[in-house]
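The block underneath contains the structure these notes are about, expressed in structure tokens.
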């Protein structure tokens, strides 16, 4: 895919990155709690989380999104060699299958580490899935065979410890996955400092706030600070604008009303809500789009300039 297309759709990719990261983290946290409770993880849950090449799960999609975002800013090899030593960018040689096999991707340290965390946790999760299959099928079958009267200790003894070893591997894999993804949440709060005008992301955060709060935990206030620099009320204004861009007045109004009940509206949001409630926010308000928000403009001009 072209770099131009990636840039044009970057707001969506960033939203998908945060959305899928939160979903993956919650699902894997659920598996850790299950393991702490009864000593097992669900093979089917991990299989669906990862998916397959022709039917990718949310974790696979997250890995792809991270690669698209962080591995496609291209610089030629010659330019990479000429880069100043103090340059903060990290040169990443592309794989042969890359659309830019003769160049390098330029990653910031935070981007490179988020990309690494997602990829590492994905492949660790693939190992955990195989251990879950072993525990669910082969370990149980071995225990059944060990209880059979015809199976002597000579036959069974050398194999008896393998089930416990598989469980120990699962513990280590789960701990590594949660540790890596937890640090990735911290890195996300640093990466998202440039996304304060991303209406797509704001809409997801406003609509899925309980999930975001659950996953980010004590880092959630840092996330809002990184995005909105001391003005968390902008979250709801941008989210409402995104609804209005798609012509969805009722969800925009409902969102702003919920925020008003929590005293989370700024003056601009209150004015927008008053217009929606009075019915004066008509077709022109659908022009409050993400592009205008990203450019710092209050609204699109639905009408062209008059001819001279």
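Out of 188, 174, I need the residue that is within 16 Å of residue 15 (Cα to Cα), in the same structural domain as residue 118 (by TED's automatic domain parsing) and in contact (Cβ under 8 Å) with a residue 60 or more places away in the chain. Which one?
188
Which of the following residues is exposed (fewer than 14 other Cβ atoms within 10 Å of the Cβ), under 28 Å from residue 48 (Cα atoms) and at pLDDT below 95: 161, 143, 85? Please lay out each step first, then the result.
On the way: 161 fails: under 28 Å from residue 48 (Cα atoms); 85 fails: under 28 Å from residue 48 (Cα atoms).
Being exposed (fewer than 14 other Cβ atoms within 10 Å of the Cβ), under 28 Å from residue 48 (Cα atoms) and at pLDDT below 95 holds for just one of 161, 143, 85, which is 143.
For residue 170, are the conditions met, namely being buried (at least 19 other Cβ atoms within 10 Å of the Cβ) and over 30 Å from residue 110 (Cβ atoms)?
Criteria met by residue 170.
Quick one: in the range 36-57, of everything that is without any contact (Cβ under 8 Å) to a residue 12 or more places away in the chain and touching a helix residue (DSSP H, G or I) at 6+ places or on another chain (Cβ under 7 Å), which residue is farthest from residue 169 (Cα to Cα)?
57
Do you know which residues across the range 45-67 are within 13 Å of the chain's Cα centre (by Cα) and modelled with pLDDT under 95?
67
Select from the range 1-35 the residues that are without any contact (Cβ under 8 Å) to a residue 40 or more places away in the chain and in a helix (DSSP H, G or I) and list them in ascending order.
Once the filter is applied, which keeps residues that are without any contact (Cβ under 8 Å) to a residue 40 or more places away in the chain and in a helix (DSSP H, G or I), the range 1-35 yields 4, 5, 7, 8, 27, 30, 33, 34.
Name the helices (runs of 4 or more DSSP H) wholly inside the range 148-212 in which the number of residues that are on the phi < 0 side of the Ramachandran plot and touching a helix residue (DSSP H, G or I) at 6+ places or on another chain (Cβ under 6 Å) is 3 or more.
162-191, 199-207
So that you can scan it fast, the table gives a plain yes or no per residue for (1) under 12 Å from residue 199 (Cα atoms); (2) at pLDDT below 95:
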site: 232; (1), (2): no, yes
site: 241; (1), (2): yes, no
site: 245; (1), (2): yes, yes
site: 249; (1), (2): no, yes
site: 276; (1), (2): no, yes
site: 281; (1), (2): no, yes
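What tally of residues in the range 255-273 results from selecting those that are part of a helix (DSSP H, G or I), farther than 18 Å from residue 201 by Cβ and touching a helix residue (DSSP H, G or I) at 6+ places or on another chain (Cβ under 9 Å)? Please lay out each step first, then the result.
As a first pass, look at the range 255-273 and keep what is part of a helix (DSSP H, G or I): 255-261, 267-273.
Now restrict to residues that are farther than 18 Å from residue 201 by Cβ: 257-258, 260-261, 267-268, 270-273.
If we keep only those that are touching a helix residue (DSSP H, G or I) at 6+ places or on another chain (Cβ under 9 Å) as well, we get 257-258, 260, 268, 270, 272-273.
Residues that pass the stated criteria total 7.
Please work out if residue 219 is assigned to a helix (DSSP H, G or I), surrounded by fewer than 22 Cβ atoms within 10 Å (Cβ to Cβ), free of Cβ contacts under 8 Å to residues at least 60 places away in the same chain and under 16 Å from the mean Cα position of the chain (by Cα).
Against the criterion (assigned to a helix (DSSP H, G or I), surrounded by fewer than 22 Cβ atoms within 10 Å (Cβ to Cβ), free of Cβ contacts under 8 Å to residues at least 60 places away in the same chain and under 16 Å from the mean Cα position of the chain (by Cα)), residue 219 qualifies.
Residue-by-condition table, conditions (1) over 27 Å from residue 8 (Cβ atoms); (2) surrounded by 15 or more Cβ atoms within 10 Å (Cβ to Cβ):
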| position | (1), (2) |
| --- | --- |
| 198 | no, yes |
| 201 | no, yes |
| 206 | no, yes |
| 214 | yes, no |
| 247 | no, no |
| 256 | yes, yes |
| 270 | yes, yes |
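If you go through the range 222-245 one residue at a time, how many are free of Cβ contacts under 8 Å to residues at least 24 places away in the same chain and outside any helix (DSSP H, G or I)?
1
Residues being out of contact with any helix residue (DSSP H, G or I) (no Cβ under 8 Å at 6 or more places or on another chain) and modelled with pLDDT of 75 or more: count how many of those fall in the range 68-81.
Result for the range 68-81: 0.
The values are calculated or read from the model by the stated rules, or taken from the named source; none is laboratory data. The structure presented is a predicted model; accordingly, all values stated were derived computationally and were not measured. Note that we place each Cβ from the backbone using ideal geometry, even for glycine, and neighbour counts take in every protein chain shown.
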